[in-house]
1. Return the residue satisfying two criteria in turn: it lies in the range 101-131 and is modelled with pLDDT of 95 or more and more than 18 Å from Ser35 (Cβ to Cβ), and of such residues it is surrounded by the most Cβ atoms within 10 Å (Cβ to Cβ).
2. Do you know which residues across the range 102-122 are more than 15 Å from Glu44 (Cα to Cα) and of a type in the set (D, E, K, R)?
3. Restricting attention to the range 34-46, which residues are among the hydrophobic types (A, V, I, L, M, F, W, C) and either surrounded by fewer than 24 Cβ atoms within 10 Å (Cβ to Cβ) or over 8 Å from the mean Cα position of the chain (by Cα) (or both)?
4. How many of the residues making up the range 90-131 are more than 19 Å from the chain's Cα centre (by Cα) and within 14 Å of Ile50 (Cβ to Cβ)?
5. Ser97 - would you say it is polar (S, T, N, Q), touching a residue at least 24 places away in the same chain (Cβ under 8 Å) and surrounded by fewer than 12 Cβ atoms within 10 Å (Cβ to Cβ)?
6. Any chance you could count how many residues in the range 58-81 are in contact with a Gly (Cβ under 6 Å, 6 or more places away or on another chain), free of Cβ contacts under 8 Å to residues at least 60 places away in the same chain and either within 17 Å of Ser35 (Cβ to Cβ) or outside the structural domain of Gly43 (by TED's automatic domain parsing) (or both)?
7. Being assigned to a loop (DSSP other than H, G, I, E, B), closer than 30 Å to Glu26 by Cβ and outside the structural domain of Gly51 (by TED's automatic domain parsing) is the requirement here; does Ile188 meet it?
8. Search the range 152-171 for residues being touching a residue at least 60 places away in the same chain (Cβ under 8 Å) and under 18 Å from the mean Cα position of the chain (by Cα), and hand back the single one that is nearest to Arg77 (Cα to Cα).
Amino acid sequence: MAKAKVLSKDEIKRVMRLAECGSNGERDKLALALSIHAGMRVGEIAALTIGDVRGIDGRAVEVIHLTKHQTKGNRSRRVFISDDLRKLITSYLADRSHVSDGTALIRSTRTGGHFSNISLSLRMKAIYRSSGISTSSHAGRRTFATRKNELGIGMRTIQQLLGHANIATTALYCDVSDDQLTNAVNAI
C-alpha cells in the first residue's frame with residue numbers, strides 16, 4: 001500500500017479553504033484540522049464527543065483524553081492541542097453550547113450521530129480530491145508527523161504525540177527532505 005501524501009503548507013491552506021465552503025464546512029474543517037494539526041487518526045476523530053473537547057468553561061480543552069475504546073491498540077492516550085487548534089475548536093463549540101456532552105463532535109448529517117471510520121475517511125478523501133490532491137485520509141496524520149520531524153522534534157516525542165506503541169512505526173510516518181539532509185551534513 002502506498003504511503004499517504006505529506007501536504008505542503010499551500011496544500012493545507014487550499015484544503016482548509018475548500019473544506020469550509022461546503023454545507024458542512026465548519027464540521028469538515030474541524031475534522032481535517034484534528035488530523036493535520038493534532039495527528040489524530042480518523043477513527044479517533046469519528047469517536048470524539050462534545051464532552052471530550054469541551055472544558056467546564058465551555059472552551060476547548062488543552063488535552064483530549066481518549067479512552068481505549070476511542071483509539072487503536074486497546075490503549076488510552078492523550079492528544080495535545082495547539083493554541084490555534086484550540087481556537088478553532090472553541091469557535092466550533094460556541095455554536096453548540098446547548099448540545100449535550102455525549103453528542104458526537106463530528107456529526108453525520110445522514111444519521112445525526114457519529115460518523116463511521118469509513119464514512120469519515122471517505123469524506124476527507126473527497127475533500128482532498130476536490131482540492132486537486134490525490135491522497136487518503138491518512139495524509140493529515142503523516143503531514144503532522146513529518147512537520148514535527150522537520151522542526152527537529154525528537155522521534156520519541158513524535159511517537160507519543162501519535163500514540164504509537166513502536167517507534168519504528170513513527171519513523172515510517174516521517175519523510176525526510178533534501179533540505180534536512182543538506183542541513184544535517186553541514187551541521188557541526
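1. Thr103
2. Result: Arg110, single match.
3. To start, the set of residues in the range 34-46 that are among the hydrophobic types (A, V, I, L, M, F, W, C) comprises 34, 36, 38, 40, 42, 45-46.
Those that are among the hydrophobic types (A, V, I, L, M, F, W, C) and either surrounded by fewer than 24 Cβ atoms within 10 Å (Cβ to Cβ) or over 8 Å from the mean Cα position of the chain (by Cα) (or both): Ile36, Ala38, Ala46.
4. Selection size over the range 90-131: 12.
5. Criteria met by Ser97.
6. Final tally of qualifying residues: 0.
7. Here the answer is no, as Ile188 does not meet what is asked.
8. First, pick out the residues of the range 152-171 that are touching a residue at least 60 places away in the same chain (Cβ under 8 Å): 161-163, 165.
Still in the list and also under 18 Å from the mean Cα position of the chain (by Cα): 161-163.
Values: Leu161: 9, Leu162: 9, Gly163: 6 Å.
Restricting to residues being touching a residue at least 60 places away in the same chain (Cβ under 8 Å) and under 18 Å from the mean Cα position of the chain (by Cα), the top hit is Gly163.
The values are calculated or read from the model by the stated rules, or taken from the named source; none is laboratory data. Since this is a predicted model, take the numbers as computed values, not measurements. Note that we place each Cβ from the backbone using ideal geometry, even for glycine, and neighbour counts take in every protein chain shown.
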